[in-house]
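A short write-up of the structure that comes next.
Nothing in this text is a laboratory measurement; each read-out follows from the coordinates by a stated rule. Keep in mind that what you see is a predicted model, and the values were worked out from it rather than measured. Glycine gets a Cβ as well: all are built from the backbone with ideal geometry, and neighbour counts include every protein chain shown.
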């Protein structure tokens, strides 16, 4: 079973109270890191400028992922400022072309901006991170499961439940405050590990990739899969490696 991740690699300029760093990123990298470490067969599709394609494809191949990165005029670049909550995100540059087609047994749509707005998508299961769609104000995709975070949009539980009328499963993550999952007409809450982390870049991508793996590949129910994903995120934030950080994951049904 192959998992295809669609979205552009990025150059991230990350600002915290201790200064600024510049590094490669994007949902496809963080999600690939997790899925490959968990043993999944992974392909990624995206576009980037020729000057960085070789570095990005090498980084992906080094972790056992098949990269399909096509050339574009520029590489998507963001400035992410963690000195505020929610963090502020500024688009610095984006390619003039997008991704044309995405296929796979399981497809994770993880645009960082509008690169998937015209893409043809075919998959047995479609998972979508709404971050890029919301940033670009693009039409939201059809999917079996969608994820977005507090950094992307602040919503009420009633609004999450309304989203559940469109998508079978809706996951709303709140960082160290946990996550809400609306599935089959029921709202659930799970907690997160309490870690003193400033730079949480990639945590949403790590969570969604692990959730996809545990739910659709390992067939865990959605709440158990979310708990496992939360432990992977905690391990990643604590070590910047794909390891599980065990903590008591509390699962609750929430009345809406």
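Counting pairwise Cα distances across the chain, what percent come out greater than 22 angstrom? When all Cα pairs of the chain are counted, 51 percent exceed 22 Å. Here the residues 177, 228, ranked from fewest to most Cβ neighbours within 10 Å of their Cβ, fall in the order 177, 228.
Taking the Cβ-Cβ separation of residue 1 and residue 83 as r and a Förster radius of 30 Å, what is the calculated FRET efficiency to the nearest 0.05? Each step should come with its number before you reach the end.
On the way: r = 41 Å, r/R0 = 1.38.
So, using R0 = 30 Å, E works out to roughly 0.15.
Counting every C-alpha pair in segment 112-210, the share spaced more than 21 angstrom apart comes to 33%.
Largest first and in whole Å, what are the equivalent-ellipsoid semi-axes of segment 6-92 based on the Cα gyration tensor, each being the root of 5 times an eigenvalue?
On the way: eigenvalues 116, 52, 21 Å².
Output for segment 6-92: semi-axes of 24, 16, 10 Å.
Relative to the present Cα-Cα distance, how much length would full extension add between residue 66 and residue 253 at 0.36 nm per residue of separation? Between residue 66 and residue 253, full extension yields 63.4 nm more.
Relative to the longest principal axis of the Cα atoms of the chain, the long axis of helix 203-212 lies at roughly 70 degrees.
For residue 93 and residue 17, the difference between the fully extended length at 0.36 nm per residue and the C-alpha to C-alpha distance is 25.0 nm. Using a simple spin-label model with pseudo-atoms 7 Å out from Cα toward Cβ, residue 155 and residue 135 lie 1.9 nm apart.
Show me 12-20, 40-48, 132-140 ranked by packing, highest mean number of other Cβ atoms within 10 Å first. Walk me through the numbers on the way to the answer.
Details: 12-20: 13.7, 40-48: 24.4, 132-140: 15.6.
Those peptides, ordered most packed to least, come out 40-48, 132-140, 12-20.
If a spin label sat at a point 7 angstrom from the Cα of residue 197 along the line to its beta carbon, the backbone N atoms of segment 22-58 nearer than 20 Å would be those of 22-39.
Mean residue ellipticity at 222 nm from the helices of the chain, using -39,500 (n - 2.57) per DSSP H segment of n ≥ 4 over the full residue count, to the nearest 500 deg cm²/dmol? It would help to have the intermediate numbers written out before the result.
Numbers: 6 runs with 65 residues, N = 256.
Using -39500 (n - 2.57) per qualifying helix, the result is -7500 deg cm²/dmol.
Axis angle, to the nearest 10 degrees, between helix 222-239 and the longest C-alpha principal axis of the chain: 50 degrees. Can you tell me the 0 to 90 degree angle between the C-alpha axis of helix 27-37 and the longest principal axis of the chain, rounded to 10? Helix 27-37 sits at roughly 70 degrees to that axis.
When all alpha carbon pairs of segment 163-238 are counted in 10 Å bins from zero, the resulting P(r) reads 20, 53, 24, 3 %. Placing pseudo-labels 7 Å out from each Cα toward the beta carbon at residue 103 and residue 122 gives an inter-label distance of 0.4 nm.
Max-minus-min Cα coordinates of segment 209-256 on each principal axis give 35, 23, 16 Å, with the largest extent listed first.
Any idea what the relative contact order of segment 2-254 is, in percent, if you count C-alpha pairs under 8 Å spaced at least 6 apart? After rounding, I find 15 percent.
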